[in-house]
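Undergrad: Sharing a structure with you now.
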Amino acid sequence: MVSKLQVPLTVAAYKSDVHNDWCPGCGDFGILQALQQALAELGLPPWETMVFGGIGCSGKVFNYMACYGVHTLHGRVLPFAMGAKLANPDLEVIAVGGDGDGYGIGAGHFVHAGRRNVDMAYIVLNNEVYGLTKGQASPTLDRGQQTKSLPLPNINDGIKPLALALVTGYTWIGRSYAFDGKHLKEMIKQAIEHKGMALLDIIQPCPTYNDLHTAEWFNKKVKEEEKSVSKLVTVEELKHDGVIKDPTNRDEVFEKQRKAFDLIQYRGERIPIGVFYQIKLPTYIERMQSQVPMLKKYSPVRIPYADANHLPTTDLTDAFEEITF
Amino acid sequence: MKVVNEVSWMIGGPQGSGVDSSATLFAQACATAGLWIFGKREYHSNIKGKHSYFQVRVSNQPIHSHVDDVHILATFEETTAKLHAGEIVKTGALIYDPTKIKLDDLDLKSGVITLPIDFNLVLRQVAEETGVEYSKLSIMRNTIAVAASFALLRVEIESLEKTLERMYTGKKSKLVAMNMTAVQKAYRAVEILPEELHAQFPYHLVPNNNTPKRLLINGATATALGKLKGGCRYQTYYPISPATDESVYLESHNQYGCAVVQCEDEIAAINMAIGAATTGVRASTSTSGPGFSLMQEGLGWAGMNEVPVVVFDYQRGGPSTGLPTRHEQGDLMFSLFGGHGDYPRLVFSPGSIADHFRLAFESFNYAEKFQTPVIVLNDKFLANSTQTILPFKENDLVIERGHLATEDDLKNAKSEGRGFPRFQPDVKSGISSRPLPGVEGGHYWMTGDEHDDYGHITENPENRKKMHEKRMKKYELILQQIPLDRQFSIHGIPNADITLVSWGTMFGALMDVLPALKEKNINANFINIRMLSPFPSAKVAAFLKSSKKLVLLEHNYSMQLGQLIRLHTGILITSRISKYTGRPMSLNEIVSATEKIFNGEVQEEKDETLDASIERVVLTYGL
Ligand SMILES: Cc1ncc(C[n+]2csc(CCOP(=O)(O)OP(=O)(O)O)c2C)c(N)n1
Ligand code: SF4
Ligand SMILES: [Mg+2]
């Protein structure tokens, strides 16, 4: 079990003294700040919190935080993070990566993480480009679009990561926006608090390379039914409640999945944000515990295997018995 | 006629037809009778239908190798008979099904006893007596083949019965009586043969009640057990022959609490194991060549971040998917140089099955003591070979966790308030203090980028030099701190006429080769190099220089250990015995090749790539 501090720390306690080298105006700043606030408000002890990062501008979030921070390999943030969480479920494990990292090179891991439902939050900073390698198209950029660095318009279709999450088994699926601090912090808190695998896709303006979808673009009012409305719209405003009340009720599950799938797609001019879907299913650790009884008593990292004199204590008598003649 | 208390027995058939289970029954029954076994398994990368065979060598003395000779071939199927009949020695026997196999089609040596058994007839009789449907009995042809062999070897029926009782318990126990009905019929079919025929057959297994308790075990199981004893509680894998058996063993023996995760690919497997290892659990993954190739980026990361992780590479024929179910020692150079950039890695290869257990245990100590990845190269040959061995020596095993952060380390870091200086190089031991996540004062950062003491990215050239040197200097620590007998071992007499040089699972055969050469008046000894990285250059060079004639033996084309020895010692071994057919060298092959080299019967050839004249024997025996 992850523990909580009796007396919460200030946001400052979650900041490292490392110089930040993101471009001015980058959406990552908003996300870092919201994450630090969320951890402080949840009262998570920094020494029991491990933030894993992918490779990319987005992968550096961990570097600016005071907790265990792990900069992994390009596309591999999920295997690293899942390994740590399964070995020591008492740690609060959070994975943060880019859209290229998670939906491109790491797409295989993305799919299979859904099947496992490890109890952790996966936060993807979606800027539709490969920021750190100077702006190539990421897997979420739509066909026909041409961001600043592209010599020719993109000829691949963009993937819909939240829809992919829905069909691969993620049990909490949400979207937020880098510069809507209040909504974002709430979403991060919910993703962390959810017992299971949570995917939070964050729309992240990259002022340096994504000149199509900038902060100004997201701020522009749009027309809907003759009215001028904001581009981003919460699922609450759209009267969607994606939380499954009874996971064994197939009708409820299918109905909410269908609605979530519908909402996840861009609807006309507006972009919905919020929680599209949530269901409570056994976590991977619970599934392992049901098969390996010792894991109910100890997490893998705490199973004793040596005594005070460093002598191994694993007694293999039973196993030897099977093969002794 | 001299009675021989030893036999080399072979059974073959299409994959999936029960070849493995008959070999298991044969081997277990011999083990029950107090005898010693070495069983070698050969099979295609196929599930059903392709030819596979199992050769079990039995002796009243401990044995560590297989031989080319076949003394009994038992088969109910034409392909096996055609392929292997020629391997039966002239004093041997063929047990066959006359309704399937025509003797005229086989190239049998004269003198081979042929023993026809109509397998289907026996099955029909069993069906009648037991009331079980005939069509459900076909798998019992294997029992008949084993029983007929046992009758010919004059082993009492009890050891088979005891073995069947041990195999089939609980719900399956009714199978014992059914199988025993078949066993009796097979015994009867052999017993009624003319007395002269029996008298002519010299192989006669005599049970021994005084043999000490032994394990009947293969390399994969020994590895799994060593890992458990060593505290491994987190294993990842992606299915691949011949590595999978180990992970399946760990998963099925869940009483020890090892969390086994089947991953989506080997990239996930290595990185998940590394992620787990950062928390302090002893974590490992097992794979084979193609998967090991995929793991290289992750291994470099673990080297850079000084994470103790253990990888077993079950070598098989390469490159690419190569020979998926066949033997080769072809990954040595790759394991030493795989991945971009320099990082320290320990590379070991176990010699015997017992050494698989020991090395699996030790590897976690080394990984934690030196805070870097440990790679163990084992292979298909011993992973799949069953052998009787004495119980593992366990009383000298000690768990060493290396430099974990102390209370003081943590207190200091907390009071400084900048995080934990996890990678600080200016420590006397050469190894930095490692806190495990979850303790106050312990938090630090990890990154595959070059980093400072705390794990923050920096491209500062002085820091780069300092950190890189700290990591790479571990090689010197390892050479100093790992006992010499764990680095390499020398067997046989000093000042021998000939010194065999090898590594890995050639060990067993070479241990049997030494006495066999002695019988031919060749005084040989043998050096087994167990630690391949860092290479024990000085000590190995001194020994090689003091030897009279060196002969290098390896299961790969390019003689990778030879390259490594030349790289580290400047010594070029010009007499070479190699095999790269995917089949392991047998005892006889090695003995006769060594003899040829010793007697100067091998022609020297110029090898342009080595710029030297080489005596090379390339072995090819075996299907
Ligand atoms: C195996 C590998 N291939 C390529 C790279 C180069 N690389 C670094 S970051 C990156 C793309 C990052 O894009 P994204 O994940 O969207 O992160 P962003 O920078 O946009 O936040 C690439 C291709 C790498 N580090 N490793
Ligand atoms: S390139 Fe884009 S994503 Fe990267 S730091 Fe600059 S603005 Fe942010
Ligand atoms: Mg991106």
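Undergrad: Would you mind finding the one in A:VAL7, A:VAL18 that is touching a Phe, Trp or Tyr at 6+ places or on another chain (Cβ under 8 Å), more than 16 Å from ligand 1 (Cβ to nearest atom) and either part of a loop (DSSP other than H, G, I, E, B) or of a type in the set (Lys, Arg) (or both)?
TA: Testing whether each residue is touching a Phe, Trp or Tyr at 6+ places or on another chain (Cβ under 8 Å), more than 16 Å from ligand 1 (Cβ to nearest atom) and either part of a loop (DSSP other than H, G, I, E, B) or of a type in the set (Lys, Arg) (or both) leaves just A:VAL18.
Undergrad: Of (1) under 15 Å from A:GLY97 (Cα atoms); (2) open to solvent by 10 Å² or more (accessible area, probe 1.4 Å); (3) touching a residue at least 60 places away in the same chain (Cβ under 8 Å), A:ALA198 satisfies all except one. Which?
TA: (2)
Undergrad: Being out of contact with any Asp or Glu (no Cβ under 6 Å at 6 or more places or on another chain) and within 16 Å of ligand 1 (Cβ to nearest atom) is the filter here, so list the residues in the range A:35-54 that pass it.
TA: Across the range A:35-54, the qualifying residues are A:LEU35, A:VAL51, A:PHE52, A:GLY53.
Undergrad: If I filter the range B:282-301 for residues that are in contact with a helix residue (DSSP H, G or I) (Cβ under 8 Å, 6 or more places away or on another chain), open to solvent by less than 10 Å² (accessible area, probe 1.4 Å), in contact (Cβ under 8 Å) with a residue 60 or more places away in the chain and assigned to a loop (DSSP other than H, G, I, E, B), do I get at least one hit?
TA: no
Undergrad: Restricting to the range A:84-96, name every residue that is open to solvent by 10 Å² or more (accessible area, probe 1.4 Å) and more than 15 Å from the chain's Cα centre (by Cα).
TA: A:PRO89, A:ASP90
Undergrad: Another question about this same structure. Could you tell me which of the residues B:LEU359, B:LEU336 is farther than 30 Å from B:GLU450 by Cα and part of a helix (DSSP H, G or I)?
TA: Only one candidate passes the filter, namely B:LEU359.
Undergrad: Additional query: Is it true that B:LEU123 is outside any helix (DSSP H, G or I) and either among the hydrophobic types (A, V, I, L, M, F, W, C) or at pLDDT 95 or above (or both)?
TA: no
Undergrad: For B:LYS213, state whether it is among the charged types (D, E, K, R), within 10 Å of another protein chain (Cβ to nearest Cβ), out of contact with any helix residue (DSSP H, G or I) (no Cβ under 6 Å at 6 or more places or on another chain) and open to solvent by 10 Å² or more (accessible area, probe 1.4 Å).
TA: yes
Undergrad: Name every residue in the range A:7-56 that is polar (S, T, N, Q), within 18 Å of B:TRP445 (Cα to Cα) and more than 15 Å from ligand 2 (Cβ to nearest atom), in order of residue number.
TA: A:SER16, A:GLN36, A:THR49, listed by residue number.
Undergrad: Can you tell which of A:THR168, A:THR147 is more than 24 Å from B:THR447 (Cα to Cα), within 16 Å of ligand 1 (Cβ to nearest atom) and either in contact with a helix residue (DSSP H, G or I) (Cβ under 7 Å, 6 or more places away or on another chain) or of a type in the set (S, T, N, Q) (or both)?
TA: One residue alone meets the criteria, A:THR147.
Undergrad: Which one of these does A:ASP142 not meet: (1) within 28 Å of A:LEU44 (Cβ to Cβ); (2) surrounded by fewer than 21 Cβ atoms within 10 Å (Cβ to Cβ); (3) among the charged types (D, E, K, R)?
TA: A:ASP142 satisfies all of (1) within 28 Å of A:LEU44 (Cβ to Cβ); (2) surrounded by fewer than 21 Cβ atoms within 10 Å (Cβ to Cβ); (3) among the charged types (D, E, K, R) except (1).
Undergrad: Also, I was wondering about something else. Go through the range A:103-132 and give me each residue that's within 16 Å of ligand 2 (Cβ to nearest atom) and crowded, with 22+ Cβ neighbours inside 10 Å.
TA: Residues satisfying the conditions are A:TYR103, A:ILE123, A:VAL124, A:LEU125, A:ASN126, A:ASN127, A:GLU128, A:VAL129, A:TYR130, A:GLY131.
Undergrad: Separate question: Does A:SER3 qualify as being small (Gly, Ala, Ser) and away from chain B (no Cβ under 13 Å)?
TA: no
Undergrad: Would the range A:269-283 turn up any residue that is more than 30 Å from A:GLY131 (Cα to Cα) and within 14 Å of chain B (Cβ to nearest Cβ)?
TA: Yes: the range A:269-283 contains one or more residues that are more than 30 Å from A:GLY131 (Cα to Cα) and within 14 Å of chain B (Cβ to nearest Cβ).
Undergrad: Next question, about the same structure. Considering (1) open to solvent by 10 Å² or more (accessible area, probe 1.4 Å); (2) more than 16 Å from ligand 2 (Cβ to nearest atom); (3) among the β-branched types (Val, Ile, Thr), say which one A:THR171 fails and leave the rest.
TA: Failing condition for A:THR171: (1).
Undergrad: Report, by residue number, each residue of the range B:396-416 that is within 39 Å of the chain's Cα centre (by Cα) and crowded, with 16+ Cβ neighbours inside 10 Å.
TA: Across the range B:396-416, the qualifying residues are B:LEU397, B:ILE399, B:ARG401, B:GLY402, B:HIS403, B:ALA405.
Undergrad: Scan the range A:88-102 residue by residue and report those that are more than 14 Å from ligand 2 (Cβ to nearest atom), under 18 Å from A:ARG175 (Cβ atoms) and part of a strand (DSSP E or B).
TA: Once the filter is applied, which keeps residues that are more than 14 Å from ligand 2 (Cβ to nearest atom), under 18 Å from A:ARG175 (Cβ atoms) and part of a strand (DSSP E or B), the range A:88-102 yields A:ILE94, A:ALA95.
Undergrad: Filter the range A:63-87 for residues that are within 7 Å of chain B (Cβ to nearest Cβ) and within 16 Å of ligand 2 (Cβ to nearest atom); which is farthest from B:LEU436 (Cα to Cα)?
TA: Among residues in the range A:63-87 that are within 7 Å of chain B (Cβ to nearest Cβ) and within 16 Å of ligand 2 (Cβ to nearest atom), the one farthest from B:LEU436 (Cα to Cα) is A:ASN63.
Undergrad: Determine whether the range A:212-224 contains at least one residue that is open to solvent by 40 Å² or more (accessible area, probe 1.4 Å), away from ligand 3 (no atom under 16 Å from the Cβ), more than 14 Å from chain B (Cβ to nearest Cβ) and under 19 Å from A:ALA34 (Cβ atoms).
TA: Taking every residue of the range A:212-224 in turn, at least one turns out to be open to solvent by 40 Å² or more (accessible area, probe 1.4 Å), away from ligand 3 (no atom under 16 Å from the Cβ), more than 14 Å from chain B (Cβ to nearest Cβ) and under 19 Å from A:ALA34 (Cβ atoms).
Undergrad: Identify, by number, the condition in (1) under 20 Å from A:VAL167 (Cβ atoms); (2) surrounded by 24 or more Cβ atoms within 10 Å (Cβ to Cβ); (3) more than 8 Å from ligand 1 (Cβ to nearest atom) that A:ASP99 doesn't meet.
TA: So A:ASP99 meets the others, but not (3).
Undergrad: Residues that are more than 14 Å from chain A (Cβ to nearest Cβ) and surrounded by fewer than 16 Cβ atoms within 10 Å (Cβ to Cβ), at least 1 per element: which strands (runs of 3 or more DSSP E) completely within the range B:421-537 meet that?
TA: It comes to B:488-492.
Undergrad: Mind listing whichever residues of the range A:88-116 are within 19 Å of A:ASP157 (Cβ to Cβ) and of a type outside the set (Gly, Ala, Ser)?
TA: A:ASP99, A:TYR103, A:ILE105, A:PHE110, A:VAL111
Undergrad: Restricting the search to the range A:148-166, which residues are open to solvent by 20 Å² or more (accessible area, probe 1.4 Å) and in contact (Cβ under 8 Å) with a residue 24 or more places away in the chain?
TA: Hits for the range A:148-166 are A:LYS148, A:SER149, A:ILE159, A:LYS160, A:LEU164.
The values are calculated or read from the model by the stated rules, or taken from the named source; none is laboratory data. In this text, all values refer to a predicted model and were calculated from it rather than measured experimentally. Virtual Cβ from ideal backbone geometry, glycine too; neighbours counted across all protein chains shown. In case anyone asks, the SASA skips ligands and DNA or RNA and just uses the protein heavy atoms, side chains included. Shrake-Rupley method; radii C 1.70, N 1.55, O 1.52, S 1.80 Å.
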